[in-house]
Structure formats: structure tokens, C-alpha cells
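Undergrad: Take this structure first; my questions come after.
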């Protein structure tokens, strides 16, 4: 049942709006406020699915109510109503965040269509916010070690800028988490973060994957296709395992970074792109340059800022927090009982070599959640950690 708040200083108009809404859907829950101050108090104290708000009112006008609500993070859509409407007022209301703007007396059909669409929009907004929170939680960085705190500080400094970032570290250390944190804390976070694993795509297909292609450019090119650079336009492109990129593709990536332009495979037409590049590698790119496998000029384009993610063996004090996090995560995902870990078992985990880093630790915790005792013992670690 949708809950709607009408903020309107004229009682006859409130009565008419309520009647119209209940004729549309008798299950609507309608509340009313006779001025802007009371309306703002109500909408901040309760959750509504839609707000119909007059512009010209005593105490606070509708634009002040709208602005205050948006500043407080209220997601509820506003439909603004006024008998003094003009284009300038409408534009100002929409800039602040109004869903729609309807002159008084309202056209019945337009009002009902706007109400239906606004209620659908509320559901999409809430779903989007929930999804973003879930994604943010999935990519949070767990730990308080000095090495990890240094990484977090670097992220906070570089994220608001447009600087390119090269993220280095062994496999399984969480380089993709760093990329997601940078994107989420950047001004581009409302646009997509597009990921490309350069090691997972065959060398003959990587250029098409990155830059797209035109129909007929090769045997399986049955239609035009955008590449990841175009898909990430105005957002962020994360090139994971950049050290595995072919020299041919490296040359084209370099041109894209230099000129902010790409060409689809099979086309000579330039496409302008605005993309922030984050790259990651587990290789020593200086060695790769010396061996002729990586372009030095591309390295310097990518490595404006270098963030080194520490191996798990260099942040052993984070293992208890990581275990707690993974236990809770796996229990929720698989419907398992949350288990505790005995101190001797934690000590055993901290003595383990962890060549696979955090990825290996998570796999071990999942194994222990399924096969280990509760609480997890030192013997469980000896039995299952090396499998």
C-alpha cells in the first residue's frame, strides 16, 4: 500500500487531491500537512512513497521543503504543484530533485499518470540504492594493519581526482577491491565501473573487447559492437592483469590515453571517450619493460599513482578480522551456522604461509564452515587448510 503525503496550505485543494487519489486506488494511505514546516517535519519523521507539495506556502515554501528533504537524503519522489507556475520555477524544482511539476488546477489525467510513474520510480530508486549498498559491502576492505591502512589512505587521496592508478601486488591480495573503492569514492561513481581481465581474453580478441568492432571486420563480426572503452564512457575502466596485454593492444591503449579517442576494429572513424583508467598487475612491469614485453611509455601513462597491495603474510594481524568477515559472509550466503574459532586455531592460521593470499584464506574458511567443528579447532586447520 502506497503512503502519500500532501503538503498544501489550501484545505479545499487537499480535499480534492485526496479524493482523486483514493478514486485511483482506494488502498492509498493519505496524510496531509497544511504548511511547509509541518510537511517537512512529517516527511523527515516517517517514510512516504510519494509527496505532493505546493510551491507557495506559509512558513516554508515548497522549494525550501524539497531542498531540505534532498539535503537530508530523502529518496521519496516529489511532485510539485503551483498556481503560480512558470518555466523558471519548474526548472529550479527539477534541478533540486523534483520528479515532476504540475500547474494548478491539475489536469486529472496528467496528475494520475505522474503519480503512477513516480511510485514506480520510487521502487527503482530504492532497489538501486540497496544494490549499491550491497556492492559496496561486497568490496569493503577488512583489516586495520599498517599496510592496509596505508592503502586506504592512498585510496582516499586519489579517488576524488582523475589520476590514473596502477595497482600492484601478488595474486589474491584484493587488487580489484582497491579499484572498486577508488571508483565508489570518485565523482564518477554514478557511472559504470567496467572490468576487463586482460589475461582471460585471447590475444586475437582483446582489441575487439576493448575497442569494439564494425560488422564484417572479421568472420564472427555479424554486427557492430561497442568495446569496453565506449561502454565505460564517463565512468571508470579497470584493466586487470594489464601486464598480460599484447604489445599491439598496448599501442592502441596508449593512443586512447593520449588522445581520448579509440577506433573500432575494422573502422578508421575516431570515437571520443572520457574514461578514467585503473590498471592492476601481479607482474613487475619494470622487468617486463626490460624484457621487451611491456611498453615503457604506456607504463608511465598508467602509473601516475602506484598503490601496492600488501600480501597476506605482511598483514597477519588482520587474519582474525578477515576470518570473522568470511564466516559471517559464507553463513549468510549458504545458510550455514556461524562458527567461532579457538585461539589456537587462529594462531595456526597466522602461522600458515598463505601463498594464495586472501583468496586462499577465504577458500579455507569456506571449507572449515562446511567440514570443521564448532568452534573450529587447531586440528581442523591442520586437516583442511592444506587441501
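Just so it is clear, none of the values below were taken in a lab; they were calculated from the coordinates. In this text, all values refer to a predicted model and were calculated from it rather than measured experimentally. Virtual Cβ from ideal backbone geometry, glycine too; neighbours counted across all protein chains shown.
Undergrad: Can you bin region 3-135 into rounded, prolate or oblate? Criterion: square roots of the alpha carbon gyration tensor eigenvalues sorted a ≥ b ≥ c, rounded for a/c under 1.5, prolate for a/b above b/c, oblate for the rest.
TA: rounded
Undergrad: Continuing with the same structure: With a Förster radius of 41 Å, plug the Cβ-Cβ distance of residue 367 and residue 215 into 1/(1 + (r/R0)^6) and report the FRET value to the nearest 0.05.
TA: 0.25
Undergrad: While we're on this one: Tell me, how many Å apart are the Cα centres for region 357-387 and for region 266-303?
TA: Cα centroid to Cα centroid, the span is 39 Å.
Undergrad: Would you mind calculating the gained length between residue 15 and residue 59 on full extension (0.36 nm times residue separation, minus the Cα-Cα distance), in nm to one decimal?
TA: Difference between extended and current length: 13.7 nm.
Undergrad: Would you look at the GNM of the chain, springs on alpha carbons closer than 10 Å, and say which of 286, 191, 88 moves the most?
TA: Among 286, 191, 88, the largest GNM mean-square fluctuation belongs to 88.
Undergrad: Using a basic spin-label model with each label point 7 Å from the Cα along Cα→Cβ, how many nm lie between residue 337 and residue 293?
TA: A separation of 4.9 nm, rounded to one decimal place.
Undergrad: Could you work out the relative contact order of region 3-135? I mean the mean sequence separation of Cα pairs under 8 Å and 6+ apart, divided by the number of residues, in percent.
TA: Once divided by the residue count of region 3-135, the mean separation gives 22 percent.
Undergrad: Is it possible to state the helix-based mean residue ellipticity at 222 nm for the chain, with each DSSP H run of 4+ residues giving -39500 (n - 2.57), the sum divided by total residues, to the nearest 500 deg cm²/dmol? What is it?
TA: Mean residue ellipticity, 222 nm, calculated: -14500 deg cm²/dmol.
Undergrad: For the pair residue 44 and residue 124, how long in nm is the line joining their label points, each one 7 Å along Cα→Cβ?
TA: Between residue 44 and residue 124, the label points sit 3.0 nm apart.
Undergrad: Need one number: % antiparallel among DSSP beta bridges in the chain, to the nearest 5.
TA: In the chain, approximately 10 percent of DSSP beta bridges are antiparallel ones.
Undergrad: Give me the number: length gained by fully extending residue 274 to residue 149, i.e. 0.36 nm times residue separation minus the C-alpha to C-alpha distance, one decimal in nm.
TA: 41.9 nm
Undergrad: Here is a further query. Between residue 107 and residue 379, what is the FRET efficiency for a Förster distance of 51 Å, r being their Cβ-Cβ separation, to the nearest 0.05?
TA: Rounded to the nearest 0.05, the efficiency is 0.10.
Undergrad: Which residue, 22, 361, 205, has the most motion in a Gaussian network model of the chain that connects Cα atoms within less than 10 Å?
TA: It is 22.
Undergrad: Order of 28-40, 97-109 by packing, highest average Cβ count within 10 Å first?
TA: Ranking, from highest mean packing down: 28-40, 97-109.
Undergrad: Per 0.36 nm of contour for each residue apart, how much would the distance between residue 117 and residue 303 grow if the chain were fully extended, relative to their Cα-Cα spacing?
TA: 62.3 nm
Undergrad: Mind pulling the angle between the C-alpha long axis of helix 146-158 and the longest principal axis of the chain? Nearest 10 degrees, somewhere in 0 to 90.
TA: 50 degrees
Undergrad: If you rank 173, 161, 337 by fewest surrounding Cβ atoms within 10 Å, what's the result?
TA: Least to most surrounded, the residues fall as 337, 161, 173.
Undergrad: Label-point separation (nm) for residue 347 and residue 171, each offset 7 Å from Cα along Cα-to-Cβ?
TA: Result: 3.3 nm between the two label points.
Undergrad: Which angle between 0 and 90 degrees, to the nearest 10, do you get for helix 11-24 versus the longest principal axis of the chain when only C-alpha atoms count?
TA: 60 degrees
Undergrad: Turning to a different aspect of this structure: Helix 62-71 versus the longest principal axis of the chain: what angle, 0 to 90°, nearest 10, using Cα atoms?
TA: On a 0 to 90 degree scale, this one is about 20.
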